[in-house]
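Participant: One structure is given below, represented as structure tokens, and several questions about it will come after.
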Amino acid sequence: MFLTFITFLPFFGAVFLAFMPKENENGIKQTALAIAVADFLLSLLLWTNFDDNTHKMQFGVNIPWIEAWGINYHIGMDGISLLLFVMTTFLTMICIIASWDVKKHIREYMMAMLALSTGMLGVFIALDLFMFYVFWEFQLVPMYIIVGVWGGPRRIYASVKFFLFTAVGSLLMLVAIIWIYFHIQQTTGVATADILYITDHLDVSLDAQKWLWMAFFLAFAIKVPMFPFHTWLPDAHVEAPTAGSVILAGVLLKMGTYGFLRFNLPFFPQASYEFVPMVAWLSIIGIIYGALVAMVQEDLKKLVAYSSVSHLGFIMLGIFALNPYGIQGALIQNINHGISTSALFLLVGIIYDRRHTRMIAEFGGLAKIMPKYAICFMIVALSSIGLPGMNGFVGEFLVLLGIFQVNGLWAAFATSGVILAACYILWMFQRVMFLELKNPKNMNLKDMNSREMITIAPLIVLIFWIGLYPEPFMKTFDASVTHLVSKVNPENFRPTQEHHEDSHGEHAQLMTPTEMASLNQKLQMPVLIKE
Amino acid sequence: MEPILAPESIDLIALAPVLVLSVFAMMVLVLDLWGGRNKTLLMFTSLVGLLMTAISAFAKHPIPAYSFNDSYVVDHLSLFFICIFTVSSALAILLSADYNEREGIRAGEYYALILFCTVGMILLASSTDMIMIFLGIEIVSICLYVLAGIRRNDHKSNEAALKYFLLGAFATGFLLYGMTLVYGSTGSTNLFKIADFVQHPSAQSNPLLLMGLVLLIIGFGFKVASVPFHMWAPDVYQGAPTPVTAFMAVGPKAAAFAAFFRVFAEAFPKMSPSWELLLSIIAVLSMFVGNLGAIMQTNIKRMLAFSSISHAGYILMAVIAKSSLASSSLLFYMLSYAFMTFGAFGIVIILGRKGEENLEISNYSGLAYKHPVIAISMTIFLLSLGGLPPFAGFVAKFYLFSAAVQEGLITLVIIAVLNSAISLYYYLKVIVFMYMKEQEAEFKISLTPMTLFVVLIGVVGTINLGIFPNAIIALASH
């Protein structure tokens, strides 16, 4: 129940805020912060109690929810979700500090932030497909409100686009979920949407696997976002308020990669194996395209947004290397991207607060008047490039190692992404921080204040910590990754697969008439229809 | 031909809900005459009548029980539908209280008409004979023609009534013609006998029977407002008084679906290859026309009208699936739909002003910061209508889509989910206005206790069915 408490604490915090008087702005901010800090500390407690040696779900709770359908409130955590969970509570806390100066409707803002936190946490711990879907859709609403209410000039367009893109993808996933539910019921006689049960018992032909895989892929690829589904991301990032961008880059995108690791690979190992080249090429296009487009951006935030597309390509490449190095690299890169890109967005937000513009051309020579800012920016920028000794290097190195074992050419293409990253980041850094301090509007800019330092400092500590001593992070998911890799290993595909492949036809809804008839006969299945 | 009424087949206990409600409806008429137009008394009597009806529906044991020569049935489907009808009629009456005050609708027969309409709906959901179905449909329709035009001095309301009447009469003609053709080719109006008759493959290819089926589909298609028989819906929904609009979108529609489902799932399941495709096309068209049409609307009542067309498209999938899972999903869907629709229309009434003013979506600008509770309730209803968790609309859609997937209607389900995505666009549009636009004019909202009560019931129902649907699902899938 501890896990449940941590997950829903922010939501009830949001409900509590609703009853606070609107005028008491400081009280509202302090309460929100207190809730976020408490949540973060509690989630750290989870980490300390986490057993690294097993891939099994921990802190699990499994109680009936919709008994008539065999749907349970089943939550739990393994190595794949632990760090993402902790990062969510951590970034929520950082975001609330970073939003201290929000002027408009502060109470509603904090409520949306906290509700969003619950939605995201739920996605990472849900172990029932139905429940997962509920959280997956639920977190859309607060994020939509955050972008749409507190965003920039084109915020409504961006927020609706964000919402619809994600919704379209996930609705097809819903069809796949329903299909799986009935398939499991038909083959095993158990009506359940339990993720662990399905992982162990799902047995479908390769063709059906491919269709289902595509349905899940679409939902997650839009979320990641992979090329060519990425077009919502720059809009959403540019229009979102700073904290919105941080959450978006830090956590929401990770829900996509998490989905691949939790569903696509273990549910459809064979299909995943078949689709490796497609995903790899899309990722490589994403890496190079994102980097090239980032290079020509004139808006700082857009540059960071496109760099996200590029970096997420690395993560996808790592996942679909389907070997331990690649997946470990992807997982640690998940965290790294969450730290570095969040820090970049925070830094861009700091300068936007002062100048109300993000155009690179407006700046130049800031290092002279904002030395602290320049130092922080330098560190974060270098970590984003992947300089050895910083977090980005660890992840990118592992991913490249993993993908090199699969295909040297892909590794070579991916490496070019690292070089391009150095180009666009350093070029941007040069134009903003060095050169001459020409623009008179920049003469009197203040350096970072202590609140801003508080938001950036922990991220910088993490950058070096993961860069120099990643062991405490890496070891949390060792066991889970080993287990996952063994599942997607072609040698371990279920032996019945071949047989099924022959007996089935060409399409996903492949049910022969006889099968349909037997399914129909099972209509009055005892579990589904309660006597 | 068998004798029309064998005495032992009259079962008044089975008929209790119809009788109780008719008595109460007449009582309301008489009280209106004697009670000096005492609105509170009329309303109270009507609500008590509905409550008694719901209780008396459970008088018959054991179910299913057939009476009146197998033309009237008390079964699981009809019982659940009676509950939906009484709830929706009660909500409509509660919504009307303050609205009628504001719009100056003084007619006491208003309540009686709603009750009589409910009688027709109960008959529709309980009959297993074409004649009875026709009677039910006529009772419902005639009451609705009057209700739609009850704002006598408003020409939009008159237009709605006339349009509805002319098109409705036409559609009833189609329905009746279809019934005669079916009777002519099968020799019975009883659904079970028809089902027996069409067992033989030779009977199924009778062109007259097929013709009859098509005409039945047209007739029912009109009553549930599915495309291409939907033309009346937007105008009638817009012109009718708002509580009546909410009522029409829920009660009579649910009743028509009950009859639709009964006729096609009980009488003609064997012939499904011949009507499945036609119904699928109608369903798909309804979804697309409803959703794309709703995107264009600026008036919130019209938008909700188009959205109800698209919902008819989704619900038609249950008729096509025609399994027992489909029937329970139909029940659950209609109940959820009742809560969210009445809630949404309740908000429309709260924001509306005298003379059906203030119904543009842009009138909702900035509502969230003036009246946050109202705005958040509306958000809940709209998201639920769009099928987003954790609200009732999501569970309902999940249920319905499951029933369709189980029958292998994957393509239809994919089209339906894509339509859900389209529908989110216009539901979000209202949320955009409420949360993301600046306030344009002062809000003069009429927060009256009864309307607020309906909204509260809507919110509680929508959330409860979304998060704890287990009890209702267990009931629906009995």
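The values are calculated or read from the model by the stated rules, or taken from the named source; none is laboratory data. A quick note: this is a predicted structure, and the numbers were derived from the prediction, not measured. Because the Cβ atoms are built from the backbone with ideal geometry, glycine has one as well, and the counts that use them run over all protein chains shown.
Participant: Can you tell me which of (1) crowded, with 23+ Cβ neighbours inside 10 Å; (2) under 23 Å from B:Leu359 (Cβ atoms); (3) at the interface with chain A (Cβ under 10 Å from one of its Cβ atoms) is the one B:Val395 doesn't meet?
Facilitator: Every listed condition holds for B:Val395 apart from (2).
Participant: Mind telling me which of the residues B:Ala283, B:Ala254 ends up being in contact (Cβ under 8 Å) with a residue 24 or more places away in the chain and under 22 Å from B:Leu91 (Cα atoms)?
Facilitator: B:Ala254
Participant: Now for a separate question. All but one of (1) within 9 Å of chain A (Cβ to nearest Cβ); (2) closer than 26 Å to A:Trp211 by Cβ hold for B:Val432, so report the exception by its number.
Facilitator: (2)
Participant: If I go through segment A:153-168 residue by residue, how many of them are within 9 Å of chain B (Cβ to nearest Cβ) and either surrounded by fewer than 23 Cβ atoms within 10 Å (Cβ to Cβ) or touching a strand residue (DSSP E or B) at 6+ places or on another chain (Cβ under 8 Å) (or both)?
Facilitator: Counting residues in segment A:153-168 that are within 9 Å of chain B (Cβ to nearest Cβ) and either surrounded by fewer than 23 Cβ atoms within 10 Å (Cβ to Cβ) or touching a strand residue (DSSP E or B) at 6+ places or on another chain (Cβ under 8 Å) (or both) gives 4.
Participant: For the structure I just gave you, tell me whether B:Gly346 is part of a helix (DSSP H, G or I), farther than 19 Å from B:Ala474 by Cα, touching a residue at least 24 places away in the same chain (Cβ under 8 Å) and small (Gly, Ala, Ser).
Facilitator: yes
Participant: Continuing with this model, one more query. Do we have A:Leu84 as away from every other protein chain (no Cβ under 14 Å), under 16 Å from the mean Cα position of the chain (by Cα), buried (at least 24 other Cβ atoms within 10 Å of the Cβ) and at pLDDT 90 or above here?
Facilitator: Details: away from every other protein chain (no Cβ under 14 Å): yes; under 16 Å from the mean Cα position of the chain (by Cα): yes; buried (at least 24 other Cβ atoms within 10 Å of the Cβ): yes; at pLDDT 90 or above: yes.
Yes.
Participant: If a residue must be crowded, with 18+ Cβ neighbours inside 10 Å and in a helix (DSSP H, G or I), how many such residues does segment B:255-279 contain?
Facilitator: 16
Participant: Hey, another quick one. Of the residues B:Ala90, B:Ala59, which single one is crowded, with 17+ Cβ neighbours inside 10 Å and on the phi < 0 side of the Ramachandran plot?
Facilitator: Numbers: B:Ala59 fails: crowded, with 17+ Cβ neighbours inside 10 Å.
Every option except B:Ala90 fails the conditions.
Participant: Using the structure shown, decide if B:Ile282 is among the aliphatic types (A, V, I, L, M), part of a helix (DSSP H, G or I), over 24 Å from B:Pro207 (Cβ atoms) and touching a helix residue (DSSP H, G or I) at 6+ places or on another chain (Cβ under 8 Å).
Facilitator: The answer is no for B:Ile282.
Participant: Still on this structure, please answer the following. Within the set of pairs 6 or more residues apart or between chains, which connect a residue that is more than 8 Å from every other protein chain (Cβ to nearest Cβ) inside segment A:123-152 to a residue that is of a type in the set (Asp, Glu) and crowded, with 24+ Cβ neighbours inside 10 Å with Cβ atoms less than 7 Å apart?
Facilitator: A:Val147/A:Glu239; A:Gly151/A:Glu239; A:Gly152/A:Glu239
Participant: For segment A:429-531, which helices (runs of 4 or more DSSP H) that fit wholly inside it have 3 or more residues that are modelled with pLDDT of 90 or more and either over 30 Å from A:Thr187 (Cβ atoms) or within 14 Å of chain B (Cβ to nearest Cβ) (or both)? Let's see the steps before the verdict.
Facilitator: Details: elements: A:450-468, A:471-488, A:496-503, A:513-521.
Output list reads A:450-468.
Participant: Has segment B:455-466 got any residue that is farther than 18 Å from B:Ser88 by Cα and within 14 Å of another protein chain (Cβ to nearest Cβ)?
Facilitator: First, the residues of segment B:455-466 that are farther than 18 Å from B:Ser88 by Cα: B:466.
From what is left, the residues that are within 14 Å of another protein chain (Cβ to nearest Cβ) are B:466.
Looking through segment B:455-466, at least one residue is farther than 18 Å from B:Ser88 by Cα and within 14 Å of another protein chain (Cβ to nearest Cβ).
Participant: Mind counting the residues in segment B:226-243 that are under 19 Å from B:Thr118 (Cβ atoms) and either out of contact with any Lys or Arg (no Cβ under 9 Å at 6 or more places or on another chain) or not β-branched (Val, Ile, Thr) (or both)?
Facilitator: Of the residues in that region, 3 qualify.
Participant: Is at least one residue of segment B:425-448 part of a helix (DSSP H, G or I) and polar (S, T, N, Q)?
Facilitator: no
Participant: Please go through segment B:409-422 and pick out each residue that is at the interface with chain A (Cβ under 10 Å from one of its Cβ atoms) and either of a type in the set (Lys, Arg) or touching a residue at least 24 places away in the same chain (Cβ under 8 Å) (or both).
Facilitator: Of everything in segment B:409-422, those that are at the interface with chain A (Cβ under 10 Å from one of its Cβ atoms) and either of a type in the set (Lys, Arg) or touching a residue at least 24 places away in the same chain (Cβ under 8 Å) (or both) turn out to be B:Leu409, B:Val413, B:Ala416, B:Asn419, B:Ser420, B:Ile422.
Participant: On the basis of being within 22 Å of B:Leu91 (Cβ to Cβ) and more than 10 Å from every other protein chain (Cβ to nearest Cβ), does B:Leu385 make the cut?
Facilitator: yes
Participant: Filter segment A:60-83 down to the residues that are in a helix (DSSP H, G or I) and more than 17 Å from B:Phe394 (Cβ to Cβ) and list them by number.
Facilitator: A:Glu67, A:Gly79, A:Ile80, A:Ser81, A:Leu82, A:Leu83
Participant: Counting only residues that are buried (at least 24 other Cβ atoms within 10 Å of the Cβ) and assigned to a helix (DSSP H, G or I), how many does segment B:121-134 have?
Facilitator: 8
Participant: While we're on this one: From the list A:Leu114, A:Leu42, which one is crowded, with 22+ Cβ neighbours inside 10 Å and part of a helix (DSSP H, G or I)?
Facilitator: A:Leu114
Participant: Which of (1) part of a helix (DSSP H, G or I); (2) in contact with a Ser or Thr (Cβ under 8 Å, 6 or more places away or on another chain) does A:Tyr273 not meet, given it meets every other one?
Facilitator: A:Tyr273 satisfies every listed condition except (2).
Participant: Oh, and also: When you go through (1) farther than 26 Å from B:Leu209 by Cβ; (2) aromatic (Phe, Trp, Tyr); (3) under 15 Å from the mean Cα position of the chain (by Cα) one by one for B:Phe257, which number turns out not to apply?
Facilitator: Failing condition for B:Phe257: (1).
Participant: Let me ask something additional. So for segment A:97-107 (the condition being of a type in the set (Val, Ile, Thr), within 14 Å of chain B (Cβ to nearest Cβ), in contact (Cβ under 8 Å) with a residue 60 or more places away in the chain and assigned to a helix (DSSP H, G or I)), does at least one residue qualify?
Facilitator: Yes: one or more hits.
Participant: Oh, and also: Considering segment A:223-237 alone, what residues qualify as being crowded, with 24+ Cβ neighbours inside 10 Å and assigned to a helix (DSSP H, G or I)?
Facilitator: Within segment A:223-237, A:Lys223, A:Leu233, A:Pro234, A:Ala236, A:His237 qualify.
Participant: If you don't mind, there's one more thing I want to ask. What residue, among those in segment B:315-335 that are within 13 Å of the chain's Cα centre (by Cα) and away from chain A (no Cβ under 11 Å), is nearest to B:Phe81 (Cα to Cα)?
Facilitator: Restricting to residues being within 13 Å of the chain's Cα centre (by Cα) and away from chain A (no Cβ under 11 Å), the top hit is B:Leu331.
Participant: Can you find even one residue in segment A:360-368 that is part of a helix (DSSP H, G or I), buried (at least 22 other Cβ atoms within 10 Å of the Cβ) and not hydrophobic (A, V, I, L, M, F, W, C)?
Facilitator: no
Participant: Consider only pairs whose beta carbons are under 6 Å apart and that are at least six residues apart or on different chains; among these, list those whose first residue lies in segment A:176-187 and is within 7 Å of chain B (Cβ to nearest Cβ) and whose second residue is in a helix (DSSP H, G or I) and of a type in the set (Gly, Ala, Ser).
Facilitator: A:Ile178/B:Ser402
Participant: Run down B:Thr45, B:Thr40, B:Thr118 and say which single residue is modelled with pLDDT under 85, of a type in the set (Val, Ile, Thr) and in a helix (DSSP H, G or I).
Facilitator: B:Thr40
Participant: Among the residues that make up segment B:173-180, is at least one of them at pLDDT 90 or above, in contact with a Phe, Trp or Tyr (Cβ under 9 Å, 6 or more places away or on another chain) and of a type in the set (S, T, N, Q)?
Facilitator: No, the conditions are met nowhere in segment B:173-180.
Participant: Could you give me the residue pairs with C-beta distances under 7 Å whose first residue belongs to segment A:290-306 and is more than 13 Å from A:Asp235 (Cβ to Cβ), whose second residue is at pLDDT below 90 and basic (Lys, Arg) wherever it lies, and which are 6+ apart or on separate chains?
Facilitator: Pairs that qualify, where the first residue is more than 13 Å from A:Asp235 (Cβ to Cβ) and the partner is at pLDDT below 90 and basic (Lys, Arg), are A:Leu300/A:Arg358.
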